[in-house]
Structures are given as C-alpha cells and as structure tokens.
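Okay, so here's the structure we're looking at.
Where a number appears in this text, it was derived from the coordinates with a stated rule and is not lab data. Here the structure is a predicted model, which means the values were calculated and not measured. Cβ: placed from backbone, ideal geometry, glycine included. Neighbour counts: every protein chain shown.
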Amino acid sequence: MTVTAFSATKRCVNGAVVRLDLAGEVRGPVLRQLATLIVDAVVVDLTDELVIDLDAVSFLDPAGVGVLIWGYEAAMDCGTLYRVVNPRDQVHRALAAIGMVDVLADSQDIGAVLLALLTLPDPDGPDRRGSAPNRSQ
C-alpha cells in the first residue's frame with residue numbers, strides 16, 4: 001500500500017475567505033496539523049469564511065472526519081462560514097456514511113443539519129425508534 005503524504009496550502013481569497021487546499025492522506029499525526037490550520041483560520045485570522053478543499057485528498061480516516069466536524073463547530077461558535085468541498089471517492093464515502101457531506105458543504109444550510117440529525121441511528125436500537133417507552137422496567 002502506498003501512503004500519500006499529507007500537504008496543506010493556505011490561501012487568502014478576497015481578504016475575507018481563507019481556503020485550505022488539502023492533499024494526500026488525512027490520518028494519524030497530521031490531524032493535529034489540520035486542527036491547527038483550522039484554528040488559525042477561524043480564531044487567529046478571524047476570517048469570514050473558511051473553505052476546506054478535499055479534491056486532492058486520497059484518504060480520510062474516522063478521526064479526520066472528527067476534525068472536520070470539530071472545525072465546523074469551532075467555526076459556528078466564532079461566526080465563521082464553513083464549507084468542506086470536493087470530497088471524492090473514499091473521502092466522500094467516509095463523510096456520507098455518517099450523513100456529513102451536505103452538513104459540512106455549507107454551514108448556512110440548516111436543513112442539511114436537521115436532516116443529518118433525523119437520520120442518525122437511534123442509540124437504543126432500531127426496534128425502539130418511534131415506539132412508546134417500555135415502562136415495565
């Protein structure tokens with residue numbers, strides 16, 4: 001298996017948008033670097049919008065998905081628009097598996113957030129969803 005090195009290019013667009021172009025594999029030790037880039041853009045640069053482009057990312061592990069979701073939350077807390085764009089192949093599947101493709105694509109799309117919440121698996125199991133509570137316990 002060939003591992004593609006991670007790289008990130010940070011660009012400012014029109015003075016109000018920070019764009020992070022990621023490439024390679026987003027996993028393991030690079031997750032701290034990605035989190036730092038997100039924090040710098042949102043908190044230090046005080047950007048109006050952060051766009052994370054995954055077009056050249058070949059692999060995204062579950063912890064990498066977690067960093068992207070954490071970035072979404074951090075951006076929302078700071079009033080920054082947040083968009084994760086161009087997920088391809090395995091990266092798209094990793095985000096789609098937990099309903100995050102549309103949520104991360106546009107932080108202003110509240111409908112995508114609501115749909116993701118409504119389609120989350122029930123923590124009590126599929127047999128309990130929509131049924132009355134079991135009071136015999």
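What to note about this one:
- Cβ-Cβ FRET estimate between R88 and V44, R0 fixed at 22 Å, reported to 0.05: 0.15
- Segment D77..C12, full-extension length gain: 21.3 nm, with 0.36 nm per residue of separation and the alpha-carbon distance subtracted.
- Take the Cα of T4, go 7 Å toward its beta carbon, and the backbone nitrogen atoms of the range 54-83 under 14 Å from that spot belong to 54-61.
- Per residue convex hull volume, Cα atoms of the range 7-117, in Å³: 85
- Sorted by Cβ neighbour density within 10 Å, fewest at the top, the residues F6, F59: F59, F6
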